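Encoded as structure tokens, the structure appears first; notes follow it.
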Amino acid sequence: MVAVYTARKFTSLRPHLIYDGKDNEFTAWLDRHGVKIIPHRSFLREELAKLGQREKNPYIEAAVSGAFLRVELPRLVPPSPAGDIVFYTDCDVMFKDEVLPQLREIHCEYFAVTPHARDSQDDIINSGVMLMNLAALRRTADEFYQFIFEHLDELKGEAWDQGAYYRFYRDANGRPLWNWLPLELNWRPCWGDEGSARIIHFHGPKPYQRDNIDKVWPELKSYTGGSYLEMIEVWEHLLEEARASS
């Protein structure tokens, strides 16, 4: 709700949602706010269910199949004469300012992303915010999906789809084929001062996890520094506004 509300409040983006689930109060709220819902179930859902059984982890199927939905955007969005550039974000983001003028200046051969770590472009990429050239990604889609299918067991230790993008999209000499987004378009609260940030991404601990990090999710503790607590206060205020909006 916060992602949609802030996208509409602060930007000229037109929100869409790739959704695997049933209609409910949330989807009704989305419909009232002009969000186009794209119903879809991942082609990997069955394989992820089997992997969850092997790993004795019942959460893999639902959680990870949702993460993999983004890789199917090249097939879900039909070619458009107006252009095939799409801006993707995870649902755990909030927009602070307009992004379109900045996005239009970014070269995007296949996709553009930020690194996972603030001070390194050699680290694994973060796929939570992506500028995507769907025309180019369609040309490589069949091979990419086959790569994911064949390496699914390995990708569980490489952040799933992030590892797939990181490994697959390279040239014959191993050089990355992606472009970089400025950090302010995928700013993590744990990085601290977000003064110039246009998109805050709650990568790692989500706002609802704040009060139980130490007891339930201690592995996320390292992500709760910087402006994490301050950004949650902003997020909570925006959530109240979103719920009150018609």
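The values are calculated or read from the model by the stated rules, or taken from the named source; none is laboratory data. What you see is a predicted model; the values in this text were computed from it and never measured. Virtual Cβ from ideal backbone geometry, glycine too; neighbours counted across all protein chains shown. Heavy atoms of the whole protein, side chains included, go into the accessibility calculation; ligands, DNA and RNA do not. Shrake-Rupley method; radii C 1.70, N 1.55, O 1.52, S 1.80 Å.
The table below lists the values:
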{"quantity": "Cα-based radius of gyration of region 56-165 once divided by 2.2 N^0.38 Å, which approximates compact folds", "calculated": "1.13"}
{"quantity": "Trypsin sites (Lys or Arg not before Pro) restricted to DSSP loop in region 71-151 with at most 14 other C-beta within 10 Å", "calculated": "R118"}
{"quantity": "Estimated vicinal HN-Hα couplings, Hz - region 136-149 in sequence order (Karplus 6.51, -1.76, 1.60; Gly, Pro = x)", "calculated": "5, 5, 5, 5, 10, 4, 4, 5, 5, 5, 5, 4, 4, 4"}
{"quantity": "Estimated vicinal HN-Hα couplings, Hz - region 160-167 in sequence order (Karplus 6.51, -1.76, 1.60; Gly, Pro = x)", "calculated": "6, 5, 4, x, 5, 4, 5, 7"}
{"quantity": "Sequence-distant lysines (8 or more away, or on other chains) whose Cα lies within less than 24 Å of K22", "calculated": "K36, K50, K206"}
{"quantity": "Mean Cβ count within 10 Å, highest first, over the residues of peptides 177-184, 195-202, 19-26", "calculated": "195-202, 177-184, 19-26"}
{"quantity": "Theoretical ellipticity at 222 nm over the chain - DSSP helices of four or more residues, -39500 (n - 2.57) apiece, nearest 500", "calculated": "-10500 deg cm²/dmol"}
{"quantity": "Whole-Å semi-axes of the ellipsoid equivalent to region 124-246 (Cα gyration tensor, √5λ, descending)", "calculated": "32, 18, 15"}
{"quantity": "Simple spin-label estimate for E150 and R167 in nanometres, 7 Å along Cα-Cβ", "calculated": "1.1"}
{"quantity": "Between region 48-77 and region 131-202, the alpha-carbon center distance in angstrom", "calculated": "16"}
{"quantity": "Apportionment of accessible area to carbon and sulfur, region 61-158, percent (1.4 Å)", "calculated": "49"}
{"quantity": "From phi via Karplus (6.51, -1.76, 1.60), per-residue ³J(HN,Hα) for region 231-239 in Hz, x at Gly/Pro", "calculated": "5, 5, 4, 5, 4, 4, 5, 5, 5"}
{"quantity": "Virtual paramagnetic centre 7 Å along Cα→Cβ of I106, amide N under 16 Å, in region 1-30", "calculated": "7, 11-14"}
{"quantity": "Per-pair calculated FRET efficiency, R0 = 45 Å: K215 and S80 via Cβ, rounded to 0.05", "calculated": "0.40"}
{"quantity": "Accessible surface of region 190-246, 1.4 Å probe, proportion on carbon and sulfur as whole %", "calculated": "49"}
{"quantity": "Computed FRET value (nearest 0.05) for E47 with K206, which takes r as the C-beta separation and R₀ as 25 Å", "calculated": "0.40"}
{"quantity": "Theoretical FRET efficiency, 1/(1+(r/R0)^6), r = Cβ-Cβ of E240 and E158, R0 30 Å, to 0.05", "calculated": "0.20"}
{"quantity": "Per residue accessible area in Å² of the chain, where ligands, DNA and RNA are left out and the probe is 1.4 Å", "calculated": "53"}
{"quantity": "Cut-off 15 Å, label 7 Å out along Cα→Cβ of E143, residues of region 154-173 by amide N", "calculated": "165-173"}
{"quantity": "Ratio Rg/Rh, restricted to the chain and using Cα atoms, in which Rh is the Kirkwood radius", "calculated": "0.94"}
{"quantity": "Dipole in debye (nearest 20) - the chain, about Cα centre, beta carbon charges: Lys, Arg +1; Asp, Glu -1", "calculated": "480"}
